[in-house]
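Asker: The structure's right below; bear with me while I get my questions together.
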């Protein structure tokens, strides 16, 4: 029987934690985990340490991501407006607040005639959840649907946006598929909401470009888009 | 950002997370879109795994084991591996209040079980028995026998695939509710004593 050293164990465990085990190594790992109590204890202790470090890191990472987003807006403002650093800090926060206020009013649920949709379908339940502002449930139901039409993408994107703790990346992920797609349905609305999301994900140039498109094409919410552009350009 | 600059690697090694935040933001949409389109994992699971992949990247850099390759494909591969491992395990467990309950253990060899495991098993069995026979059969097939929804649909008399998915949601919800009731009965006296 092969004798494993402490070093062998550590290498195996590290590979397991970093998901680098091959199919054969997974079999060996699982067999040893079942049969070798010392190894199993070592694995369990390593998992606990790994999870703790991982959890701490995730919190630190999210802080750094948040700082990165704000600094992207500040950088943009510094380039477009001749203002000092201190004023730009304040303006970046004000911009995010303005964006939040502009989407404060919830987008209406589509009007569906009774004979068009059964309330018992996943989509019917999702729309009802959206209407009741139960956005997590709406996401869950929309996720269970097999197809992804523009309307489904749109309400999924909005549900992520309206969560008590909005997930701007996932909202942008869905809305961008509408904006970049060929089908026109909900495209104007998606463009507006996507521009707002991009400010929050630190993609300021993309947000700026979308707002310019909305204003030049006089699309849905062009007046609001103009307001944000004025703010950005310091007029 | 295709690869990390030496300056960024040094910053990460010195505990600065800013370059990792940059990596995180730059590659997130790409990872989400690719894994969603090609593998159909749940978005929240992808997001979780993606954060863990960034953590693994940092560990590798700190331990000087990171070969500076294309960062997007590195993060994508690690995220995908994490998800695959997770889904392999997830297939047989049901999440309840943050605790994963292994339904497949119901008929496992229980000779060496601890008292706590025995108690857990008893609670699960009681909750299961309180469900309708249809839900009992469904959950047993899905979790314990590890049968896929697709396979269950093929051999069942469900009219549409959506209806079997609704049954899964309904039965899981009922099971969780029952489990909560049963757990409250078991643990209420302990909790009320402080």
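Laboratory data are not the source of any read-out in this text; all were calculated from the coordinates shown. Remember, it's a predicted structure, so these values are computed and weren't measured experimentally. With ideal geometry, Cβ positions are generated from the backbone for all residues, glycine too; neighbour counts draw on all protein chains shown.
Asker: Looking at the square roots a ≥ b ≥ c of the eigenvalues of the Cα gyration tensor of segment B:6-90, which shape do they give, rounded for a/c under 1.5, prolate if a/b is larger than b/c, or oblate?
Answerer: Verdict is prolate for segment B:6-90.
Asker: Using every alpha carbon pair in segment A:98-233, what percent of pairs falls into each 10 Å bin from 0 up to the bin containing the largest distance?
Answerer: In whole percents, the pair-distance histogram is 12, 43, 32, 11, 1.
Asker: Ok, one more. Treat each spin label as a single point 7 Å out from the Cα along the C-beta direction, and report the residue B:18 to residue B:176 distance in nm.
Answerer: 4.2 nm
Asker: Based on DSSP H runs of at least 4 residues, each adding -39500 (n - 2.57), what is the mean residue ellipticity at 222 nm of chain A after dividing by all its residues, to the nearest 500 deg cm²/dmol? Before the final figure, lay out the partial values.
Answerer: Details: 11 runs with 170 residues, N = 235.
Mean residue ellipticity, 222 nm, calculated: -24000 deg cm²/dmol.
Asker: Using a Gaussian network for chain A with springs between C-alpha atoms less than 10 Å apart, which of these wobbles most: A:200, A:174, A:18?
Answerer: Maximum fluctuation in the GNM of chain A, among the listed residues, is at A:18.
Asker: Another question, then. For a quick check: sort A:220, A:192 by the number of other beta carbons within 10 angstrom, fewest at the front. Mind dumping the intermediate values first?
Answerer: Details: A:220 16, A:192 22.
Going from least to most buried by this count: A:220, A:192.
Asker: Which whole number gives the average count of other chain Cβ atoms within 10 Å of the Cβ atoms across peptide B:21-34?
Answerer: What the average comes to for B:21-34 is 4.
Asker: Okay, moving on. Please report B:172, B:31, A:197 as a ranked list, fewest other C-beta atoms within 10 angstrom at the top and most at the bottom.
Answerer: Starting with the residue having the fewest Cβ neighbours, the order is B:172, B:31, A:197.
Asker: What distance in nm separates the two pseudo spin-label positions at residue B:86 and residue A:25, each 7 Å out from Cα along the beta-carbon direction?
Answerer: The answer from the label model is 2.1 nm.
Asker: Could you list A:78, B:128 so that the one with the fewest beta carbons within 10 Å of its beta carbon is first and the one with the most is last?
Answerer: Going from least to most buried by this count: A:78, B:128.
Asker: Additional query: Let a ≥ b ≥ c be the square roots of the eigenvalues of the Cα gyration tensor of the protein assembly as shown; is it rounded (a/c under 1.5), or, if not, prolate (a/b larger than b/c) or oblate?
Answerer: Cα axes put the protein assembly as shown in the oblate bin.
Asker: Using a simple spin-label model with points 7 Å from Cα along the Cα→Cβ vector, what separation in nm is obtained for residue B:130 and residue A:163?
Answerer: The modelled label-to-label distance comes out at 3.0 nm.
Asker: Let me ask something else about it. If R₀ is 60 angstrom, what is the calculated FRET efficiency for the pair residue A:49 and residue A:185, using the beta carbon separation as r and rounding to 0.05?
Answerer: My answer for the efficiency is 0.75.
Asker: Let me ask something else about it. Does chain A come out rounded, prolate or oblate, given a ≥ b ≥ c as the square roots of the eigenvalues of its C-alpha gyration tensor, rounded meaning a/c under 1.5 and, failing that, prolate meaning a/b above b/c? Spell out each step's value before the answer.
Answerer: Values: a/c = 3.10, a/b = 1.57, b/c = 1.98.
Since a/c reaches 1.5 but b/c is at least a/b, the shape of chain A is classed as oblate.
Asker: Between residue A:97 and residue B:161, take the C-beta separation as r, use R0 = 60 Å, and let me know the FRET efficiency to the nearest 0.05.
Answerer: Efficiency, rounded to the nearest 0.05: 0.85.
Asker: Now for a separate question. For residue A:66 and residue B:45, what does the FRET efficiency come to when R0 = 22 Å and r is the distance between their Cβ atoms, rounded to the nearest 0.05? Display every interim value, and only then the final one.
Answerer: On the way: r = 23 Å, r/R0 = 1.03.
In this case the efficiency is close to 0.45.
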